[in-house]
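None of the figures in this text is laboratory data; all of them are computed from the coordinates on show. Given the structure is predicted, the values throughout are model-derived calculations rather than measurements. All Cβ positions, even for glycine, are placed from backbone atoms using ideal geometry, and neighbour counts span all protein chains on display.
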Amino acid sequence: MFWPSHRDTSTTIIGERASLPVALAPIGIGGLQWGNGEILACRAAHAAGIPYTLGTLSICSIEDVAGAVEKPFWFQLYVMKDRGFARSLIERATAARCSALVLTVDLQVLGQRHADIKNGLSVPPSLKIRNLINMAAKPGWVYRVLTGRRWTFGNLAGHVKGEAGVKALAEWIGHQFDETLNWKDVEWIRDTWPGKLIIKGILDVEDAKRAAKTGAAAIVVSNHGGRQLDGAVSSVSMLARIAEAVGSVLEVLFDGGIRSGQDVMRALALGAKGCLIGRAYVYGLGAGGQAGVATAIEIIRKELDVSMALTGVRNVHEIDRRVLADGFGF
Ligand SMILES: Cc1cc2nc3c(=O)[nH]c(=O)nc-3n(C[C@H](O)[C@H](O)[C@H](O)COP(=O)(O)O)c2cc1C
């Protein structure tokens with residue numbers, strides 16, 4: 001038995017130094033969790049030494065975030081039917097010196113999200129009586145969102161000609177997801193984007209092998225946090241076999257259900273090079289802005305460190321199947 005007195009949680013993700021094998025996942029409308037939420041989350045990630053991913057459907061625009069942080073961040077792209085718009089987003093991400101493009105491939109149509117429909121989740125929040133009562137009970141949230149620099153989809157502002165209102169933008173987006181998205185489009189993006197490409201939303205071995213042929217630096221094994229298809233396989237149940245199939249060709253990242261440092265350790269043991277966290281940081285953002293995100297990351301760091309100490313590994317590269325109990329069925 002060996003108990004390391006010092007542990008090193010740092011690693012590299014697509015060649016970038018990271019203090020933890022963790023990055024912040026792309027989250028739409030983060031600026032509705034807390035005014036300027038994307039800028040605050042990016043600052044917290046950078047202060048903690050981990051990558052941040054800005055989503056296409058963010059409230060703060062690429063330029064807003066680039067102008068407010070010191071280091072490069074990743075940009076997540078949804079390919080819309082309007083390919084000119086996709087190209088312009090890639091050009092803007094290039095100009096903003098984003099260090100990776102995260103191409104999401106599992107949202108060619110929007111999943112049926114019953115809770116969103118029931119709650120009237122839209123941008124701006126739909127003004128049902130229930131929502132108004134809810135907002136009245138949260139004046140701090142209303143103040144922070146209203147004093148944020150934007151209330152609408154920042155990356156789309158000015159794009160939909162003659163229709164600047166948020167309702168028009170939301171409708172435009174609704175019609176723009178491209179059901180015909182295919183591997184040729186991925187190759188087009190590969191050729192258009194000059195930097196590192198990460199393909200997010202891979203859930204089976206054949207797609208992983210196909211993605212590996214595109215020259216992408218990484219894939220994210222993901223089912224979009226279970227938000228797209230009810231009954232889809234869990235991402236963790238597919239991780240090991242995908243990592244085995246393509247882990248020697250590109251980096252296999254993972255997301256879905258990471259809530260603790262132990263979850264990060266489990267994903268690494270199953271072959272992931274790193275994890276993306278979604279809800280785990282969004283809850284922190286909604287609860288406490290930048291400090292809330294910093295706390296969420298710190299909790300995960302501490303839990304990973306303690307888990308490493310108690311499983312006898314000195315650095316994240318030593319994490320393998322031995323840390324999992326026998327019979328962990330993946
Ligand atoms: C509120 C919310 C918004 C999201 N928006 C996006 C998005 O705009 N683009 C994207 O690629 N993924 C999006 N995702 C999916 C996350 O990037 C990630 O795959 C997922 O949250 C991982 O699961 P976890 O929340 O259990 O960590 C979103 C997830 C949540 C919870």
Between the Cα axis of helix 183-192 and the main Cα principal axis of the chain, the angle (0 to 90°, nearest 10) is 80
Output for the stretch 128-194: GluC sites (Glu not before Pro) sitting in coil per DSSP, at most 13 other Cβ within 10 Å, listed by number, reads Glu163, Glu179
When the chain is treated as a Gaussian network with springs between alpha carbons less than 10 Å apart, the largest mean-square fluctuation among Pro139, Pro21, Pro51 is found at Pro139
Under 5 Å from the placed amide H of Gln76, counting only residues 5+ away or on other chains, we find Leu54, Gly55, Thr56, Val102
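Could you work out the equivalent-ellipsoid semi-axes for the stretch 187-314, taking the square root of 5 times each eigenvalue of the Cα gyration tensor, largest first, in whole Å? Don't skip to the answer; put the middle values down first.
Values: eigenvalues 135, 65, 44 Å².
In descending order, the three semi-axes are 26, 18, 15 Å.
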With bins of 10 Å, the percent of all Cα-Cα pairs of the stretch 1-144 per bin from 0 is 10, 32, 31, 19, 6, 2, 0
Between Ser88 and Asp305, Cβ-based FRET efficiency (R0 45 Å, step 0.05) works out to 0.60
In deg cm²/dmol, rounded to the nearest 500, the helical mean residue ellipticity at 222 nm of the chain, built from -39500 (n - 2.57) for every DSSP H run of length 4 or more, is -12500 deg cm²/dmol
Given 10 °C, 1.306 mPa s and a Kirkwood radius over Cα pairs, the Stokes-Einstein diffusion coefficient of the chain in µm²/s is 78
The set of residues whose placed amide H lies less than 5 Å from the amide H of Lys196, leaving out same-chain residues fewer than 5 positions away, is Leu101
Those trypsin sites (Lys or Arg not before Pro) from the stretch 128-189 that are DSSP loop and have at most 13 other Cβ neighbours within 10 Å turn out to be Lys128, Lys161
Burial-style ranking of 105-118, 30-43, average other-beta-carbon count within 10 Å with highest first, yields 30-43, 105-118
Taking only C-alpha positions in the stretch 171-245, Rg and Dmax in angstrom work out to 13.5, 41
